[in-house]
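Chemist: The structure follows.
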Amino acid sequence: MLKKLLSLLVALCMVLALAPAALAADAGADGLTGDPARETGYLEDQPHADLDFEDMKYTAVSEEEMTEAIEAVRAIIGDAQNAEKVEELFKAVADKFMTIRANIQLLKIYTGQDTTNEENAELFKSEYALYLEIFDPFLFLVQDILKSPCKDYFVEQEKLTQDDIDSYLAYGGMSEEEKALNAELSGIEDEYWAVYFDETLDEDGFYKALGEVYMHALTLNNALVKLDDSYDNYVDYAYENEYERGYDVETARKFTAAVRENIVPLCNDMYDLYSLDANSDFDAYQNIFYGDYTGKETLDAVRPYMEKLSPELLEAWDYMINHGLYDIEAREGKTDQGFTTRIDAYGSPFFLNCPGGYVVDFTTLIHEFGHYNNAYWHASGWNDGSCSMDVAEVHSQSLELLFTQYYGDFFGDMAPCFTDFVLYRILGDAIINGSLYGELEIYAYTTPDVTVDMISEKYVELCEEYGEEYGSPYEWLLVHHLTTQPMYYISYATSGIGALCFYAYALENGFDAAVDRYLDFVSQSPYDYFQDQFEAVCGVDPLDPAYVAEIVDTLYEDLDIENRANPVFYSDVDKDDECYDLVTNLTMSGVFGGFPDGTFRPDALATRAEAAQMLFRIFYGGEEIATDYFADDNGTWYETAANWCADYGIFLGVHGNGEDLFCGDNAISRQELTTVFCRVVNLLGLDTTPMNSAGFADADQIADWAVDSMEWYYENDMLLMDDSGNINPKRAVDRYTLAKYANNIFYVIQTMM
């Protein structure tokens, strides 16, 4: 039961993360298409304040007030006849204790809503420092009552278990050094966001400043663990104490090895499927992906489906909406994260998200509501803690996956695409990144005299092991959890496997049965270990490498991933053909398409229009596009792509008959293709100036505007001379060669940025 004491101290906040037309689904009398709402009864009612969030105000409580109230109780506990009075006075003390907790949680929300508000940031620090000061006196009062003649009445009224009693009586308190370190650690998050939003820093200064904040946190955490000689390092201390995981670092290492072996290949295949789905109707995909999901219409559209899942979920949803206990709007200065915290004094969870302007805002809404629902249905008194992070993230990620059963009503024919998108993100963003960063944190906190540069080198090494792309070796510093909540990230990975457990069960036994299992899991005691909860509800251990392999096999079979990930798209491109892998990958990425008769025609000459469309599909980001650059593309299939390319100076057109022409049907030459690709590379901030002249035999045939691009392409082994030393600049390229150029630009982006 040490877990309950620790959650009382440190688990004050649980931190994690539709296109208008899509939200207009026809609804039946119950607000839904299909079957009526189910009846479930897994969760136990809890008290919740009937207050709107705007009425939940910061209320100052001084240390002197707490001390006086505590001493008033202590003064009369020696007489059993005072038991009722002791309980009455203790409730007043507990109310003050919970008010201070509520103040911290409210200030956490306020600072999340506006990271630039220095007054709230300072108030948060002072309130947390006060909490650290009154924490021990409050628990020592509980100890004294439990040792007094008033014990039995107190235990009965406060509904304390024997584990509670043993835990409180064993508590030895915090040293002044421990209080000071915890107080200083409470300010790390403000330090981090101050740097994160500092627009005066260039890239080098930005990463250097973030690195200094990280090392400050690392130093404080290492100092904290030195106060307890039971542990050799902060990793073991955090796993056992701050997160109460029930599994050790060696178990985590075996688990992450299983992730590398099993989850990484599955994630790669799911990305291919998602890309294939996305490009089955690219315009529909873009409309949904870049939709606005931050308005009331989204909340109204989701509500009936919460009822469909369970009236218990609907109750929590309605409480959140009706009392304004959420913030999903985009604003300047808002924290760059999503989180759910419970304002304990009111029994009221609060959900905050900083939207990014795309479909993840929708999935985050469902994700965070998984946290919200759990917090709503679990007790929030002075003697109540919260579940482990590993368990908490199961609540959120499982609901994300289970909610995909309704994607058809939200996203129509694109539902499979966005279902694959959610599964891909669970596999990649949660399980793979959780494992990668979990390993990185173990390295950082167990390596003597570690530096930011050393951690960055390890980050690059791990990215290569997990097959993850990276830009800067220092970009791990952008993951704020690593600084503000070290050793947390592995929880995303373990819980991700847990979420897959419910999803796989849904695929084999139906979603209603899986939702019942999920609600049963949510109803479990928050003090049970992650693996114990899964053993009780599902009969499995999600951390067992054998189970990781088993669930991957299950998903491959039930989702037919192998066949779906290796399709034959064209009648003239077979799996045995040299061009199959490249053409298939680019088709699945939406970069290339075939002809209405089902052929790809790899040997046919590529046109300027096809090259423009290819670049458009690779780089278009939803921005507005100017029109009417060219006189000859109106109404053509490539008009949008041609205008987009002209917007960025990628294609300049041809001047003829007093007009600017695009000449989309003209075959594109090698020198044209290298030139437009180099312009794209330049737009990405990379230099394409050649180091030396290549000395082509037919150099005099190269147009002046194409010399540098052809030499740069040659230097980078992306353009070959023939046996006579000719580069053949005016030779038209075929469609297979155009596909190779597309692959080249992907390579450049990955290796040079």
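The values are calculated or read from the model by the stated rules, or taken from the named source; none is laboratory data. Everything numeric here is computed off the predicted structure, so don't read it as measured data. No Cβ is skipped: glycine too gets one built from the backbone with ideal geometry, and neighbour counts run over all protein chains shown.
Chemist: Please pick out the residue among ASN383, ASN433 that is assigned to a loop (DSSP other than H, G, I, E, B), in the same structural domain as ALA252 (by TED's automatic domain parsing) and surrounded by fewer than 24 Cβ atoms within 10 Å (Cβ to Cβ).
Modeler: ASN383
Chemist: Among what's in region 75-111 and is of a type in the set (D, E, K, R) and crowded, with 17+ Cβ neighbours inside 10 Å, pick the residue that is nearest to GLN337 (Cα to Cα).
Modeler: My answer is LYS108.
Chemist: Can we say GLU439 is touching a strand residue (DSSP E or B) at 6+ places or on another chain (Cβ under 7 Å), of a type in the set (D, E, K, R) and within 26 Å of CYS267 (Cα to Cα)?
Modeler: Against the criterion (touching a strand residue (DSSP E or B) at 6+ places or on another chain (Cβ under 7 Å), of a type in the set (D, E, K, R) and within 26 Å of CYS267 (Cα to Cα)), GLU439 does not qualify.
Chemist: If you take the residues in region 46-70 that are surrounded by 13 or more Cβ atoms within 10 Å (Cβ to Cβ) and of a type outside the set (A, V, I, L, M), which one is farthest from LYS151 (Cα to Cα)?
Modeler: That would be PHE53.
Residues are listed down the side, and each one gets a yes or a no for (1) aromatic (Phe, Trp, Tyr); (2) modelled with pLDDT under 90; (3) under 27 Å from PHE600 (Cβ atoms); (4) outside any helix (DSSP H, G or I):
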| position | (1), (2), (3), (4) |
| --- | --- |
| MET721 | no, yes, no, yes |
| THR737 | no, no, yes, no |
| ILE745 | no, yes, yes, no |
| VAL748 | no, yes, yes, no |
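Chemist: Which one is modelled with the highest pLDDT among residues in region 648-672 that are surrounded by 15 or more Cβ atoms within 10 Å (Cβ to Cβ) and over 21 Å from TYR741 (Cβ atoms)?
Modeler: The extreme case among them is LEU661.
Chemist: State yes or no: is ASP687 buried (at least 21 other Cβ atoms within 10 Å of the Cβ), at pLDDT below 90 and of a type in the set (D, E, K, R)? So that I can check it myself, show each step before the final result.
Modeler: Working: buried (at least 21 other Cβ atoms within 10 Å of the Cβ): no; at pLDDT below 90: yes; of a type in the set (D, E, K, R): yes.
In short, no.
Residue-wise test of (1) in contact with a helix residue (DSSP H, G or I) (Cβ under 7 Å, 6 or more places away or on another chain); (2) under 27 Å from THR161 (Cβ atoms); (3) in a strand (DSSP E or B); (4) not assigned by TED's automatic domain parsing to the domain that holds PHE140.
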| residue | (1), (2), (3), (4) |
| --- | --- |
| THR335 | yes, no, no, yes |
| ARG342 | yes, yes, yes, yes |
| PHE351 | yes, no, yes, yes |
| ILE366 | yes, no, no, yes |
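Chemist: What about ASP660, is it among the acidic types (Asp, Glu), assigned by TED's automatic domain parsing to the domain that holds GLU623 and part of a loop (DSSP other than H, G, I, E, B)?
Modeler: no
Chemist: Run down GLN113, GLN162, GLN105 and say which single residue is out of contact with any strand residue (DSSP E or B) (no Cβ under 7 Å at 6 or more places or on another chain) and polar (S, T, N, Q).
Modeler: Working: GLN113 fails: out of contact with any strand residue (DSSP E or B) (no Cβ under 7 Å at 6 or more places or on another chain); GLN105 fails: out of contact with any strand residue (DSSP E or B) (no Cβ under 7 Å at 6 or more places or on another chain).
The unique qualifying residue is GLN162.
Chemist: Filter region 627-647 down to residues that are of a type in the set (Ser, Thr, Tyr) and modelled with pLDDT of 90 or more and give me whichever is surrounded by the most Cβ atoms within 10 Å (Cβ to Cβ).
Modeler: As a first pass, look at region 627-647 and keep what is of a type in the set (Ser, Thr, Tyr): 627, 629, 636, 638, 640.
With modelled with pLDDT of 90 or more added as a condition, the list becomes 636, 638, 640.
On the way: THR636: 15, TYR638: 20, THR640: 17.
Residue satisfying both the conditions and the ranking: TYR638.
Chemist: Within region 531-548, does at least one residue satisfy the condition of being in contact with a Cys (Cβ under 9 Å, 6 or more places away or on another chain) and surrounded by fewer than 16 Cβ atoms within 10 Å (Cβ to Cβ)?
Modeler: There is no residue in region 531-548 that is in contact with a Cys (Cβ under 9 Å, 6 or more places away or on another chain) and surrounded by fewer than 16 Cβ atoms within 10 Å (Cβ to Cβ).
Chemist: Determine whether region 300-314 contains at least one residue that is of a type outside the set (Phe, Trp, Tyr), under 22 Å from THR364 (Cα atoms) and assigned to a loop (DSSP other than H, G, I, E, B). Steps first, answer last, please.
Modeler: Within region 300-314, the first condition is being of a type outside the set (Phe, Trp, Tyr), and the residues that meet it are 300-304, 306-314.
Retained after the next criterion (residues that are under 22 Å from THR364 (Cα atoms)): 300-304, 306-314.
Filter once more, so that each one left must be assigned to a loop (DSSP other than H, G, I, E, B): 310.
Within region 300-314, one or more residues are of a type outside the set (Phe, Trp, Tyr), under 22 Å from THR364 (Cα atoms) and assigned to a loop (DSSP other than H, G, I, E, B).
Chemist: Turning to a different aspect of this structure: When you go through ASP277, ASP318, ASP272 one by one, which is the residue that is of a type in the set (D, E, K, R) and crowded, with 22+ Cβ neighbours inside 10 Å?
Modeler: The match here is ASP277.
Chemist: Would you pick out the residues in region 170-202 that are over 29 Å from VAL142 (Cβ atoms) and either among the β-branched types (Val, Ile, Thr) or assigned to a helix (DSSP H, G or I) (or both)? Reasoning before the result, please.
Modeler: Pass one, region 170-202, residues over 29 Å from VAL142 (Cβ atoms): 188-202.
The answer is ILE188, GLU189, ASP190, GLU191, TYR192, TRP193, ALA194, VAL195, TYR196, THR200.
Chemist: Moving to a separate point now. Output the number of the condition that MET98 fails; it satisfies all remaining conditions of (1) at pLDDT 95 or above; (2) closer than 30 Å to PRO355 by Cβ.
Modeler: (2)
Chemist: Something else: Going by the conditions given, is ARG617 surrounded by 17 or more Cβ atoms within 10 Å (Cβ to Cβ) and in the same structural domain as PHE746 (by TED's automatic domain parsing)? Break it down into steps so the answer makes sense when it comes.
Modeler: Values: surrounded by 17 or more Cβ atoms within 10 Å (Cβ to Cβ): yes; in the same structural domain as PHE746 (by TED's automatic domain parsing): yes.
Answer is yes for this residue.
Chemist: Taking GLN286 as meeting all but one of (1) of a type in the set (S, T, N, Q); (2) surrounded by fewer than 16 Cβ atoms within 10 Å (Cβ to Cβ); (3) within 24 Å of ALA514 (Cβ to Cβ), write down the number of the exception.
Modeler: That leaves (3) as the condition not met.
Chemist: Same structure, new question: Considering only residues that are of a type in the set (A, V, I, L, M) and not in a helix (DSSP H, G or I), look in region 550-598 and name the one that is farthest from MET270 (Cα to Cα). So that I can check it myself, show each step before the final result.
Modeler: Here is the first cut: in region 550-598, the ones of a type in the set (A, V, I, L, M) are 551-552, 555, 559, 561, 565, 568, 573, 582-583, 586, 588, 591.
Cutting the leftovers down to not in a helix (DSSP H, G or I) gives us 559, 568, 573, 591.
Working: LEU559: 10, VAL568: 17, VAL573: 22, VAL591: 18 Å.
Here the answer is VAL573.
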